[in-house]
Amino acid sequence: MPAKTKTPKAATTKEYLEASEASSIEDAATSLRDKLLIRMFRRLGCRVSEVLHLEEKHIDYTMRQVKIEHEKMRIALFCPYCRADGNNTRLGKKATFCPTCGKTVKDAVSKATLERNLRKIPVDKDTLDLITLYIKKGGVTEMSGKRMLFNISRQRAWQIVKTCAERAGFFELTNPKNDKLHHVSPHKFRDSFAINAMKRKPTFDDARLLQEILGHANINTTMNYRKVKGAEVQEYYDSLTDGDDK
């Protein structure tokens, strides 16, 4: 018998998911794969692309880590006139002259380079146990010589999250910047992870550690996750004005 759809909670007024609410969405999953997928989103704070590219080799059981591999194309600028040690001198983005030959550079030579980075995210024992069970039951898929944890598309991941969220009673969340309503998506778990982390550990040093987990290049991006709900703002305001007229 198909699971009954719950009556919507006050989800249309929510701006983000509390940790317990994200957990209830995971509990609404009807397969081990879907449960693990949501668990990875909500416990690691990963982007959907990062989770879908995970291979079995990226799970380090000894160090209790999940390794996220990144490949990014970067454009480097070089002097078109001189050569230093057999290579053109690399220039800064705003350089107007070459520090080696001293010539004014009007048209720098641009070259695309591929950078590979590795980010290591700590993972809890319960999640590692769930990964182990998933692999034991044949969840891994062989693809082009790689043992992928999830053989699904980005669109399918979104559909799984939306379905489980609705099954748990969370149909839409409010964007606090424009009050528009959006379905619960994989990225909402990343938001939830970061926001709840900042609420529990609000110092700058804590934010630096969270920055490493989330993979933000700029600490300001991480600090932006110190969001507050409308009810928190109202409660704060009331505490400021309480007793003014007595």
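The values are calculated or read from the model by the stated rules, or taken from the named source; none is laboratory data. Given the structure is predicted, the values throughout are model-derived calculations rather than measurements. Counting neighbours? That spans all protein chains shown, and the Cβs are built from the backbone with ideal geometry, glycine included.
Looking at the stretch 150-171, can you tell me whether even one residue there is at pLDDT below 90 and of a type outside the set (A, V, I, L, M)?
Yes: the stretch 150-171 contains one or more residues that are at pLDDT below 90 and of a type outside the set (A, V, I, L, M).
Of everything in the stretch 105-142, what is in a loop (DSSP other than H, G, I, E, B) and either surrounded by 10 or more Cβ atoms within 10 Å (Cβ to Cβ) or modelled with pLDDT under 95 (or both)? Give them in sequence order.
Taking the stretch 105-142 as the starting set, the residues that turn out to be in a loop (DSSP other than H, G, I, E, B) are 105-108, 123-124, 137-140.
Once the filter is applied, which keeps residues that are in a loop (DSSP other than H, G, I, E, B) and either surrounded by 10 or more Cβ atoms within 10 Å (Cβ to Cβ) or modelled with pLDDT under 95 (or both), the stretch 105-142 yields V105, K106, D107, A108, V123, D124, K137, G139, V140.
Are any of the residues in the stretch 197-209 touching a Leu at 6+ places or on another chain (Cβ under 8 Å), in the same structural domain as L44 (by TED's automatic domain parsing) and closer than 20 Å to S49 by Cα? No; the residues of the stretch 197-209 include none that is touching a Leu at 6+ places or on another chain (Cβ under 8 Å), in the same structural domain as L44 (by TED's automatic domain parsing) and closer than 20 Å to S49 by Cα. For the stretch 167-209: of the residues being surrounded by 17 or more Cβ atoms within 10 Å (Cβ to Cβ) and polar (S, T, N, Q), which is nearest to K35 (Cα to Cα)? If we take residues in the stretch 167-209 being surrounded by 17 or more Cβ atoms within 10 Å (Cβ to Cβ) and polar (S, T, N, Q), then S185 is nearest to K35 (Cα to Cα).
Apart from one condition, C164 fits all of (1) in contact with a Ser or Thr (Cβ under 6 Å, 6 or more places away or on another chain); (2) surrounded by 15 or more Cβ atoms within 10 Å (Cβ to Cβ); the exception is (1). Whenever a residue of the stretch 15-33 is assigned to a helix (DSSP H, G or I), its partners that are of a type in the set (S, T, N, Q) and surrounded by 16 or more Cβ atoms within 10 Å (Cβ to Cβ), lying with C-beta atoms within less than 9 angstrom and at least six residues away or across chains, give the pairs A19/S192; A19/N196; E21/S192; A22/S192; A22/N196. Taking first residues from the stretch 83-97 that are under 13 Å from D107 (Cβ atoms) and partners that are at pLDDT below 80 and outside any strand (DSSP E or B), the Cβ contacts under 8 Å between residues at least 6 apart in sequence or on separate chains come to N88/C82.
Would the stretch 182-204 turn up any residue that is farther than 23 Å from E15 by Cβ, assigned to a helix (DSSP H, G or I) and modelled with pLDDT under 95? For the stretch 182-204, residues farther than 23 Å from E15 by Cβ, assigned to a helix (DSSP H, G or I) and modelled with pLDDT under 95: present.
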